[in-house]
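The values are calculated or read from the model by the stated rules, or taken from the named source; none is laboratory data. Keep in mind that this is a model prediction, so the values were computed, not measured. Cβ coordinates were reconstructed from backbone atoms using ideal geometry, including for glycine residues, and neighbour counts include every protein chain displayed.
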Amino acid sequence: MNNPSRLDRLRDAGYKLTNARTVVLNVIETHEGHMTSAEILDAVASRDSSIGRASVFRTLDLLTRLAIIRPTYTAGSATPTYVLMPDGHHHHIVCVQCHQTIEFEDCGLGSLAERLEGEFGVKLTGHLLEFYGICGACSEAGVVDDEV
Ligand SMILES: [Zn+2]
Ligand SMILES: [Zn+2]
Ligand SMILES: [Zn+2]
């Protein structure tokens with residue numbers, strides 16, 4: 001990995017590396033996959049109980065603005081889970097029946113990104129891609145009601 005570290009990205013964007021920011025980022029980096037804000041709050045509290053809820057949420061907002069993490073809404077839940085964007089992109093296939101979320105790595109969207117950058121004069125830093133459909137298990141179980 002020759003990306004600058006995420007802490008460097010924070011600092012380069014002009015943010016001080018406060019204890020809350022360092023701990024929240026570390027908690028998410030050392031966890032595989034998605035975390036709910038409740039899980040993040042618990043993990044942060046167990047490392048440093050002096051970090052308050054409000055600064056955890058402010059840090060999550062900041063990391064989201066910098067495209068270091070993304071909130072994702074899955075499984076019909078009203079609260080997001082947060083996921084790191086390791087290479088600036090993250091991909092899901094979500095089953096609309098059982099809400100299973102399948103993750104995949106390779107999206108092949110590089111040429112689309114280049115085209116969009118040229119067309120709109122933007123510098124893209126990442127994307128979150130979700131496909132919706134019916135997973136194999138649900139199709140087999142025949143729970144699909146196509147007469148909606
Ligand atoms: Zn399913
Ligand atoms: Zn994911
Ligand atoms: Zn991608």
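Quick notes
- Tally of residues being surrounded by 15 or more Cβ atoms within 10 Å (Cβ to Cβ) and either closer than 23 Å to Met85 by Cβ or outside the structural domain of Thr72 (by TED's automatic domain parsing) (or both) across the stretch 30-46: 9
- When Ile68 is tested against (1) surrounded by 15 or more Cβ atoms within 10 Å (Cβ to Cβ); (2) at positive phi, only condition (2) is not met.
Residue by residue, here is whether (1) out of contact with any helix residue (DSSP H, G or I) (no Cβ under 7 Å at 6 or more places or on another chain); (2) among the polar types (S, T, N, Q); (3) modelled with pLDDT under 90 holds:
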site: Ser49; (1), (2), (3): yes, yes, no
site: Ser55; (1), (2), (3): no, yes, no
site: Arg58; (1), (2), (3): yes, no, no
site: Thr81; (1), (2), (3): yes, yes, yes
site: Gly110; (1), (2), (3): yes, no, yes
site: Leu116; (1), (2), (3): yes, no, no
site: Leu128; (1), (2), (3): yes, no, yes
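- Flag if Ala45 is over 25 Å from Gly14 (Cβ atoms) and either over 13 Å from the mean Cα position of the chain (by Cα) or modelled with pLDDT of 90 or more (or both): yes
- Qualifying residue in the stretch 46-62 (condition: without any contact (Cβ under 8 Å) to a residue 12 or more places away in the chain, over 30 Å from Gln100 (Cβ atoms) and among the aliphatic types (A, V, I, L, M)): yes
- Of all positions in the stretch 109-129, at least one carries a residue that is surrounded by 12 or more Cβ atoms within 10 Å (Cβ to Cβ), farther than 21 Å from His92 by Cα, assigned by TED's automatic domain parsing to the domain that holds His92 and away from ligand 2 (no atom under 16 Å from the Cβ).
- Considering the stretch 87-97, the residues that are of a type outside the set (Gly, Ala, Ser) and within 16 Å of ligand 2 (Cβ to nearest atom) include one that is surrounded by the fewest Cβ atoms within 10 Å (Cβ to Cβ), namely Asp87.
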